[in-house]
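Working notes, structure below.
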Amino acid sequence: MTASVEAARVILRDNDRGGYTVPTAGLYPYQWNWDAAFIAMGWITFDEPRAWREIDRLLEGQWADGMVPHVIFHQPNDTYFPGPAVWRTRHQPATTGITQPALLATAARKCWQVAGDRALAEDRVSAIYPKLLAWHRWWVSARDPEGRGLVGILHPWESGMDNSPAWDAAFARVSPTPTTPIRRTDTGHVDAAMRPSDDFYKRVIALIDLYASLDWDPPRLWQKTPFKVADLAVNAILHRANRDLLALAERFGSAADRTEITERLAVTAAGIDRLWNDRAGIYFPFDLISREPIEVAISAGFLPVWAGVADAARVKAMAATLERWRTKVSYLVPSTSPEDPRFEPKRYWRGPAWAMFNMLIGEGFAESGASDIAARIKSDTADLIAKAGFHEYFDPVTGDGCGGGHFSFTASTALSWGLLGE
Ligand code: DGY
């Protein structure tokens, strides 16, 4: 099918399961957290009530402590592992026990800005705003209890960049000895060469077993976990989301909320600032257990530009880094540096380019005035979709579509970023 606006809309309609949109049938049959944020930004371009419904349905899964889970298991399904019986969270509706990058406030603000039905938008954001604030407060209390200005993730899936080589060393501390038997379904849907390894899955499930044994209690998880890193996708997206939440707080919040968010922004800007590496021309994540930088260049290292915390010299240095990467691949932005020996162009988060991630990086450079690299990222993304279709991710060397097809956040990105003709 040609990559047109109508083709992208068809994907969202096909993947609609009654107010929430699955990323793609079979491989991911539930509602995912950051997918829902990208997807709402897609729906808002042609069906405003449906965009607000996507956000409401995600927030049905919010926990009493404010956490918004990474997956909401709205309906039973047997095409996915690990399902609710593995997570054992006892939450209703059933959910996983971890979270994902906090893009939702940014999506809510974007939808609020562009919505034509002002009465509906006001009504929905006034209901959503306190829930977003509760989630952002959870990040501070549960994931930055020592007040570093950087939140920690306790599971690689929380980064959104699941099997990134950036987590290899930290994840090696997790013993590959789960008590839950592994019953992978993903490799029945997608070529195993494009998915994480079996060893990765053993550790992923072992961490879930550990956290279930701790009853998903945030302080105990924080204390007992063998995996704790400050990831740049999570920290930069949360910083940007706090800026967007602050804008919503002007209309829907109190003066005290605005002071709280403003103070947190100052603390997190300083936290992200410490992750800059001048020699590499990119930000590096940080291992909160070894207390050392993780010197692996991944696409998340460019996201501080989107967060708005990188000064002009750093924006220029990151643009130069990307120009150098572009000499080794045909399409930006590979998720791992193509200069890194661990770069694998077809394997999930170890090398492929992701359209929705490109939108964040591209918008960041555009907003910072680095228009050449911003335009390059945007045209590369449009070319990938035109060549291969709405895939989950793309080989940045050949342009081949990889992972799941008919993919909701790729279609949504194409709609909201204006990559398509009618
Ligand atoms: C997976 O690969 O199943 C993870 O849940 C992604 O978030």
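Screening the range 97-111 for residues that are open to solvent by less than 40 Å² (accessible area, probe 1.4 Å) and away from the ligand (no atom under 14 Å from the Cβ) and picking the one that is farthest from ARG184 (Cα to Cα) gives CYS111.
Taken over the range 137-193, the criterion of being without any contact (Cβ under 8 Å) to a residue 12 or more places away in the chain and crowded, with 18+ Cβ neighbours inside 10 Å is satisfied by ASP144 alone. Summed over the range 141-166, the residues that are closer than 23 Å to PRO219 by Cβ, assigned to a helix (DSSP H, G or I) and either away from the ligand (no atom under 16 Å from the Cβ) or not charged (D, E, K, R) (or both) give a count of 6.
Here the range 375-402 is the region considered, the condition is being of a type in the set (S, T, N, Q) and under 17 Å from GLY362 (Cα atoms), and the residue that is nearest to the chain's Cα centre (by Cα) is THR381.
Scanning the range 57-74 for residues that are open to solvent by less than 20 Å² (accessible area, probe 1.4 Å), in a loop (DSSP other than H, G, I, E, B) and within 14 Å of PRO130 (Cα to Cα) yields GLY66, MET67, VAL68.
Scanning the range 75-86 for residues that are more than 12 Å from the ligand (Cβ to nearest atom) and assigned to a helix (DSSP H, G or I), we see that the one that is surrounded by the fewest Cβ atoms within 10 Å (Cβ to Cβ) is ALA85. Pairing each residue of the range 312-326 that is open to solvent by 70 Å² or more (accessible area, probe 1.4 Å) with any residue that is part of a helix (DSSP H, G or I), provided the two are 6+ apart or on different chains, yields C-beta distances under 8 Å for GLU323/ILE373. Six or more apart or on different chains, Cβ under 7 Å: which pairs go from a residue in the range 33-59 that's in contact (Cβ under 8 Å) with a residue 12 or more places away in the chain to one that's among the acidic types (Asp, Glu) and open to solvent by less than 10 Å² (accessible area, probe 1.4 Å)? Could you list them? Listed by first residue and then by second, the contacts come to ALA36/GLU54; ILE39/GLU54; ALA40/GLU54; TRP43/GLU54.
Got at least one residue in the range 123-140 being at positive phi and not in a strand (DSSP E or B)? The answer is no, given that none of the residues of the range 123-140 is at positive phi and not in a strand (DSSP E or B).
Each residue in the range 211-245 was checked for being part of a loop (DSSP other than H, G, I, E, B) and surrounded by 18 or more Cβ atoms within 10 Å (Cβ to Cβ), and 5 pass. Of all residues in the range 70-103, count the ones that are touching a Phe, Trp or Tyr at 6+ places or on another chain (Cβ under 7 Å) and under 30 Å from LEU248 (Cβ atoms). So the count comes out to 17.
Residues satisfying the criterion are absent from the range 124-132 (criterion: more than 16 Å from the ligand (Cβ to nearest atom) and in contact with a strand residue (DSSP E or B) (Cβ under 8 Å, 6 or more places away or on another chain)).
Might you let me know whether the range 371-382 holds any residue that is closer than 19 Å to ASP14 by Cα and either in a helix (DSSP H, G or I) or open to solvent by 10 Å² or more (accessible area, probe 1.4 Å) (or both)? There is no residue in the range 371-382 that is closer than 19 Å to ASP14 by Cα and either in a helix (DSSP H, G or I) or open to solvent by 10 Å² or more (accessible area, probe 1.4 Å) (or both).
Residues of the range 87-96 that are more than 11 Å from the ligand (Cβ to nearest atom), touching a residue at least 60 places away in the same chain (Cβ under 8 Å) and open to solvent by less than 60 Å² (accessible area, probe 1.4 Å): THR89 alone.
Inclusion of THR45 among residues that are among the polar types (S, T, N, Q) and within 16 Å of the ligand (Cβ to nearest atom) is not warranted. Within the range 265-311, the residues that satisfy the criterion of being farther than 14 Å from ALA236 by Cβ, in contact (Cβ under 8 Å) with a residue 24 or more places away in the chain and either open to solvent by less than 30 Å² (accessible area, probe 1.4 Å) or outside any loop (DSSP other than H, G, I, E, B) (or both) are VAL267, ALA280, GLY281, ASP287, LEU288, ILE294, VAL296, ALA297.
Taking the range 190-206 as the range and being within 11 Å of the ligand (Cβ to nearest atom) and either in a loop (DSSP other than H, G, I, E, B) or modelled with pLDDT under 95 (or both) as the test, the residues that pass are VAL190, ARG195, PRO196. The one condition from (1) touching a Ser or Thr at 6+ places or on another chain (Cβ under 9 Å); (2) part of a loop (DSSP other than H, G, I, E, B); (3) open to solvent by less than 20 Å² (accessible area, probe 1.4 Å) that ASN358 does not meet is (2).
The values are calculated or read from the model by the stated rules, or taken from the named source; none is laboratory data. Source: prediction; values computed, not measured. Virtual Cβ from ideal backbone geometry, glycine too; neighbours counted across all protein chains shown. Only protein heavy atoms, including side chains, enter the accessible area calculation; ligands, DNA and RNA are left aside. Shrake-Rupley method; radii C 1.70, N 1.55, O 1.52, S 1.80 Å.
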